[in-house]
Structure formats: C-alpha cells, structure tokens
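Engineer: For reference, the structure I am asking about is given below.
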Amino acid sequence: ICQFSQDWPLLLHIRLHTIYGGGAPSPFMFLGQMFQSLKAKTIFKMSSGEQLREYHHIYDEISAILALQQSNITGTIDISHGQPISLKQLAKHVFCEFQCAELLDIGALPAPDKDNYEISFKRTFSLQDMQFRETLTGVVDYFRDLVT
C-alpha cells in the first residue's frame, strides 16, 4: 500500500510541442527534411500540408519551463503559445524566404489519415505574459544560423 506524505515534493509534468534550435534538426523530422532539401537544392515532396503544428524555439521552451518552476505550479501542463500553423504555410514561407519556391512540391505525398488537422491548443494560462518567437520568422532565422 502506498501512502503519500506531505514531505514528498509536488511534481510538475510538462508536455512539449515541436522544438527547434540548439543544433541541426533531426533528418527524420519535417524541419530536418526541409533543411536538407534547401541545403542540397533538391525537390521537397510533402503532403497537402494541412496538418497543424506548434513550433517552439528551445530557448523559449527553457524560459517557459523556468517560469513554470518558479510559479510552483504542479500537475500536468502543456506548454502552448496557442498559435499553430499548417505545415504548408511553414514550408511555403521558408522556401520563399530562401528563394527556392520551385523546390516545393506540395501534394506529392499522401496526407496521413491520423494527424492534427483542426485542434488548436490554447496558450498555457500560467504563461500568458511570456513572449514566444513568431514561428515563421523563428524557423527562417534558425535555418539561416545553420548555414552561416
């Protein structure tokens, strides 16, 4: 029989969205595949890109975690900025910024049946005042830092 004691520390379980920054993106991830295509100047085949994602820079995520820790909040928390974008929107913006729009082949791959096409997470209440990087600009800046 387990008994909980008041001496036990209260726990905070944090769930994250997709993180970028802090090194090259993993080649199996969407950002990694885009980056490899841009770097090699090869065609980037993707689905319709209607899937929704939240992208967070690693430094923003660290700031959010520290803020949550300092607030003494407990339980399970999703770190969300509440501004998801579609993969298509992200790919179009990035390839245009790198003047490689001709490499983008939207719709060349089948769209996965089971994915997030409509759920937008709300901004984490405890992080209402936190400034997250804007995703489109943040990803472009991240890629530019990797190629310089």
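Engineer: May I ask which residue of A64, T148, I85 lies farthest towards the positive end of the charge dipole of the chain, with charges of +1 (Lys, Arg) and -1 (Asp, Glu) on Cβ and the Cα centre as origin?
Structural biologist: So the residue we want is T148.
Engineer: Also, quick follow-up: Just the number, please: Stokes-Einstein D of segment 1-129 in µm²/s, Kirkwood Rh from C-alpha pairs, 4 °C, 1.567 mPa s. Numbers along the way, then the final one.
Structural biologist: Values: Rh = 17.0 Å.
Rounded, D is 76 µm²/s.
Engineer: Ok, one more. Per residue, how much accessible area does segment 38-81 show when a 1.4 Å probe rolls over the protein heavy atoms, in square angstrom? The partial results should precede the final answer.
Structural biologist: Details: 2210 Å² over 44 residues.
Accessible surface, normalised per residue, equals 50 Å².
Engineer: Another question, then. Just to confirm the number: angle between the C-alpha axis of helix 58-70 and the first principal axis of the chain, 0 to 90 degrees, nearest 10?
Structural biologist: 10
Engineer: Still on this structure, I have one more. Students often forget the sequence filter, so: which lysines lie under 18 Å Cα-Cα from K114 once same-chain residues fewer than 8 apart are removed?
Structural biologist: Within the straight-line limit of under 18 Å, K114 reaches these lysines: K88.
Engineer: Further question on the same structure: Can you sort M130, M29 by 1.4 Å-probe accessible area, starting with the largest?
Structural biologist: Working: M130 35, M29 80 Å².
Per-residue accessible area, sorted high to low, gives M29, M130.
Engineer: For the chain, set up a GNM with springs between Cα atoms under 10 Å and report which of K114, K45, K92 has the largest fluctuation.
Structural biologist: Of the options given, K114 has the highest mean-square fluctuation.
Engineer: Please name which of I14, Q99, S126 has its Cα lying farthest along the dipole of the chain towards the positive end, using unit charges on Cβ (Lys, Arg +1; Asp, Glu -1) and the Cα centre as origin.
Structural biologist: Q99
Engineer: Give, rounded to the nearest 20 debye, the magnitude of the charge dipole that the chain has about its Cα centre when Lys and Arg contribute +1 at Cβ and Asp and Glu contribute -1 at Cβ.
Structural biologist: Details: 12 positive and 16 negative charges, 54 e Å.
My answer is approximately 260 debye.
Engineer: Calculate how many DSSP beta bridges within the chain are antiparallel, expressed in % of all such bridges and rounded to the nearest 5. Working shown, then result.
Structural biologist: Values: 2 of 12 bridges.
About 15 percent, rounded to the nearest 5.
Engineer: Helix 30-40: angle to the longest alpha-carbon principal axis of the chain, degrees 0 to 90, nearest 10?
Structural biologist: The angle comes out near 30 degrees.
Engineer: Go through D105, D113, D60, D145 and list them by solvent-accessible area, largest first, probe radius 1.4 Å.
Structural biologist: Values: D105 60, D113 145, D60 15, D145 115 Å².
My answer, sorted largest first, is D113, D145, D105, D60.
Engineer: May I pose another question? Which of F30, T74, I43 sits closest to the plus end of the dipole of segment 22-82, meaning its Cα is farthest towards the positive end, when Lys and Arg get +1 and Asp and Glu get -1 on the C-beta?
Structural biologist: Of the options given, the answer is I43.
Engineer: A follow-up question, please. Quick check: residue separation of F125 and D145 times 0.36 nm, minus the Cα distance between them. What number comes out in nm?
Structural biologist: Numbers: separation 20, 0.36 × 20 = 7.20 nm, distance 3.16 nm.
Net length gain for the segment: 4.0 nm.
Engineer: Given a 1.4 Å probe and every protein chain left where it sits, what share in percent of the accessible area of the chain is carbon and sulfur?
Structural biologist: On the way: 5050 of 9490 Å².
Looking at the chain in its full context, I get 53 percent from C and S.
Engineer: Express the relative contact order of the chain as a whole percentage, based on alpha carbon pairs under 8 Å and six or more residues apart in sequence.
Structural biologist: Here the relative contact order equals 34 percent.
The values are calculated or read from the model by the stated rules, or taken from the named source; none is laboratory data. Since the structure is predicted, the reported quantities are computational estimates derived from the model, not experimental observations. Because the Cβ atoms are built from the backbone with ideal geometry, glycine has one as well, and the counts that use them run over all protein chains shown. Heads up: the accessible areas ignore ligands, DNA and RNA and are worked out on the full protein's heavy atoms, side chains in. Shrake-Rupley method; radii C 1.70, N 1.55, O 1.52, S 1.80 Å.
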